[in-house]
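As structure tokens, the structure follows; a few thoughts come after it.
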Ligand SMILES: [Zn+2]
């Protein structure tokens, strides 16, 4: 443990620092700004008060996104996004470098892409997941506490398309499937990669699908959000 970290721990302890989350008065865990519980949630979801997006939760959006992408797979924008997704997973890149315990975040991404490749997950399906996440955010912006929360959940849903590797002995020793933790640095890096390659097309698909579900124009939606006069003014 470095001298700097030791000093931070001593200082936090001496000051009796409290968790930064409003309404939470628990003391911070050793070196952070958050208590143990909120820090755990942030590590897991990308936000101290965020949640993990479940398969069921995304299902209605994924259904529409998959259908749309299948139907328009030969449209130049969709075709290019499918090609880029395929290139990411199946194209030329380092392989079998992600499993080392000291692997860098870049190498860990390659390890996760190896798993998607071994599972032969079609590029169309992976693109549909990304488009569905953007669609979900268009439809339910409050489901995501921050941009970071969204980006982390995007990566988690993308990578969970690969089946978990079988763990020979797990808990009671019966064996089963266990997901490895996807590190925070891996999520940040892959989110940027996904946004740079297929983010724009995914967002455009999301907006088309959202518009189809929502018959009002953006101007009409803005109109109903205009502040109303106070009751005094109406007297
Ligand atoms: Zn807290």
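The values are calculated or read from the model by the stated rules, or taken from the named source; none is laboratory data. These numbers were taken from a predicted model, which means no experiment stands behind them. All Cβ positions, glycine included, derive from the backbone under ideal geometry; neighbour counts span all protein chains shown.
Please specify each residue of the stretch 79-116 satisfying the condition of being within 20 Å of the chain's Cα centre (by Cα) and more than 20 Å from residue 183 (Cβ to Cβ).
81, 82, 84, 85, 86 - these are the residues of the stretch 79-116 that are within 20 Å of the chain's Cα centre (by Cα) and more than 20 Å from residue 183 (Cβ to Cβ).
Has the stretch 178-190 got any residue that is at pLDDT below 80, surrounded by 10 or more Cβ atoms within 10 Å (Cβ to Cβ) and touching a strand residue (DSSP E or B) at 6+ places or on another chain (Cβ under 7 Å)?
Among the residues of the stretch 178-190, at least one is at pLDDT below 80, surrounded by 10 or more Cβ atoms within 10 Å (Cβ to Cβ) and touching a strand residue (DSSP E or B) at 6+ places or on another chain (Cβ under 7 Å), which makes the answer yes.
On the basis of being in a loop (DSSP other than H, G, I, E, B) and surrounded by 15 or more Cβ atoms within 10 Å (Cβ to Cβ), does residue 108 make the cut?
So residue 108 fails the test.
Filtering the stretch 9-28 down to residues that are near the ligand (Cβ under 9 Å from one of its atoms) and assigned to a loop (DSSP other than H, G, I, E, B), which residue is surrounded by the fewest Cβ atoms within 10 Å (Cβ to Cβ)?
Ranking the qualifying residues of the stretch 9-28, first place goes to 23.
Which number in (1) surrounded by 16 or more Cβ atoms within 10 Å (Cβ to Cβ); (2) closer than 22 Å to residue 153 by Cα; (3) touching a residue at least 40 places away in the same chain (Cβ under 8 Å) marks the one condition that residue 98 misses?
Going through the list (1) surrounded by 16 or more Cβ atoms within 10 Å (Cβ to Cβ); (2) closer than 22 Å to residue 153 by Cα; (3) touching a residue at least 40 places away in the same chain (Cβ under 8 Å), residue 98 breaks only (3).
Name the residues in the stretch 82-108 that are in contact with a helix residue (DSSP H, G or I) (Cβ under 8 Å, 6 or more places away or on another chain) and farther than 27 Å from residue 70 by Cβ, would you?
94, 95, 96, 97, 98, 99, 100, 103, 105, 106, 108 - these are the residues of the stretch 82-108 that are in contact with a helix residue (DSSP H, G or I) (Cβ under 8 Å, 6 or more places away or on another chain) and farther than 27 Å from residue 70 by Cβ.
Going by the conditions given, is residue 54 out of contact with any helix residue (DSSP H, G or I) (no Cβ under 9 Å at 6 or more places or on another chain) and closer than 21 Å to residue 191 by Cα?
When the stated conditions are applied, residue 54 passes them.
Within the set of pairs 6+ apart or on separate chains, which have a first residue in the stretch 62-82 that is at negative phi, a second that is outside any helix (DSSP H, G or I), and C-beta atoms under 8 Å apart?
Matching pairs, first to second residue: 78/72; 79/73; 82/73.
Condition test on residue 5, is it surrounded by 12 or more Cβ atoms within 10 Å (Cβ to Cβ) and either within 16 Å of the ligand (Cβ to nearest atom) or in a helix (DSSP H, G or I) (or both)?
Against the criterion (surrounded by 12 or more Cβ atoms within 10 Å (Cβ to Cβ) and either within 16 Å of the ligand (Cβ to nearest atom) or in a helix (DSSP H, G or I) (or both)), residue 5 does not qualify.
Could you list, in sequence order, all residues of the stretch 33-56 that are surrounded by fewer than 18 Cβ atoms within 10 Å (Cβ to Cβ), outside any helix (DSSP H, G or I) and either free of Cβ contacts under 8 Å to residues at least 60 places away in the same chain or within 16 Å of the ligand (Cβ to nearest atom) (or both)?
Within the stretch 33-56, 33, 49, 51, 54 qualify.
Quick check on this structure: which one of 215, 227 is at pLDDT 90 or above, assigned to a loop (DSSP other than H, G, I, E, B) and over 16 Å from the mean Cα position of the chain (by Cα)?
227
Would you confirm, using the coordinates I've provided, whether residue 67 is surrounded by fewer than 16 Cβ atoms within 10 Å (Cβ to Cβ), part of a helix (DSSP H, G or I) and more than 16 Å from the chain's Cα centre (by Cα)?
Answer is yes for this residue.
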